[in-house]
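The values are calculated or read from the model by the stated rules, or taken from the named source; none is laboratory data. In this text the structure is predicted, and so the values were computed from the model without any measurement. Glycine also receives a Cβ, built like all others from the backbone with ideal geometry; neighbour counts cover every protein chain displayed. In case anyone asks, the SASA skips ligands and DNA or RNA and just uses the protein heavy atoms, side chains included. Shrake-Rupley method; radii C 1.70, N 1.55, O 1.52, S 1.80 Å.
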Amino acid sequence: VNPRVKSNRKRPPPKYNGPIDPNYFLANYSDYLTDLEMDEITNYKEIYYVRKVPPANKSYNAVLPEHFQFITNEHINYRYQMMQVLGKGSFGGVIKCIDHKNNDKLVAIKLLRDHQKHHEQIMIEKEFLYELQNDRGPEVHHVIKIYESFSFRGFFAIVMELGLIDVYNGLKLQNFLGFSMPTVQIVARQTADALRFIHGKGIIHCDFKPENILFMNQRKTIVKMIDFGCSSNENNLIYTYIQSRFYRAPEVVFGCNYGPPIDVWGYGCVLC
């Protein structure tokens, strides 16, 4: 049977209760695939999720956007089901997803457009993130936990644990009236420990701000540091235009050499 020939028989939707052989999916559920996926799916050993209904548009736009296209319940890497856009930045965005390989666990996936001019920067961020996974960084020292990373359709994806809300949006929800002193103390202690750990690895975060501190639970008793896209090695400074302006240290403003103290300046601004 040619899997590309559309059958008139109505099949029940795919059941995503375990890995599916890509050739089996192609033969039985070709109407659930776009034209691109008809070829792409055979490059995968196992399929965990594609979509719940046939796609509205089976054609594929070869011109890649700057941000990964979000469509509710579509897949990333034939495994992750897209649920919600969590945020967008200059070089990419973050999407909340269901991991169908890992007991439907909720995760956050950061997707960065892998331009040639940005590729080295992306690889540096990846290197820093994986270095910070050592020595129990995510478990003890309040840096975000990374599960895996991969390339997908011109984007580089970093799969990480899902937080609840960042400190900036937490403040915004209460009209910027400020947190209670116990919450401020939790943020202060835990981010100070994170900075000590990060700096101990010779890494400068370079963008310490409320948006890059995540509350991990409803009670706001655990926070973690995220977003190392602007980070540098202490002995190999990469960027000169760094830090969001409200948290920018004097040495960065005046174009001087900088080091870990710029993160401490940002830390003081955040607490204030």
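Scanning the range 8-28 for residues that are aromatic (Phe, Trp, Tyr) and open to solvent by 30 Å² or more (accessible area, probe 1.4 Å) gives Tyr16, Tyr24. Looking only at residues of the range 230-241 that are assigned to a loop (DSSP other than H, G, I, E, B) and either touching an Asp or Glu at 6+ places or on another chain (Cβ under 8 Å) or of a type in the set (Gly, Ala, Ser) (or both), we find that the one that is surrounded by the fewest Cβ atoms within 10 Å (Cβ to Cβ) is Cys230. On the stretch given as the range 248-265, residues that are within 17 Å of Val187 (Cβ to Cβ) and in contact with an Asp or Glu (Cβ under 8 Å, 6 or more places away or on another chain) total 0. Any residue at all in the range 30-37 that is touching a Phe, Trp or Tyr at 6+ places or on another chain (Cβ under 9 Å) and at positive phi? Scanning the range 30-37 turns up no residue that is touching a Phe, Trp or Tyr at 6+ places or on another chain (Cβ under 9 Å) and at positive phi. The single residue among Val143, Val94 that is β-branched (Val, Ile, Thr), without any contact (Cβ under 8 Å) to a residue 60 or more places away in the chain and under 22 Å from Val187 (Cβ atoms) turns out to be Val94.
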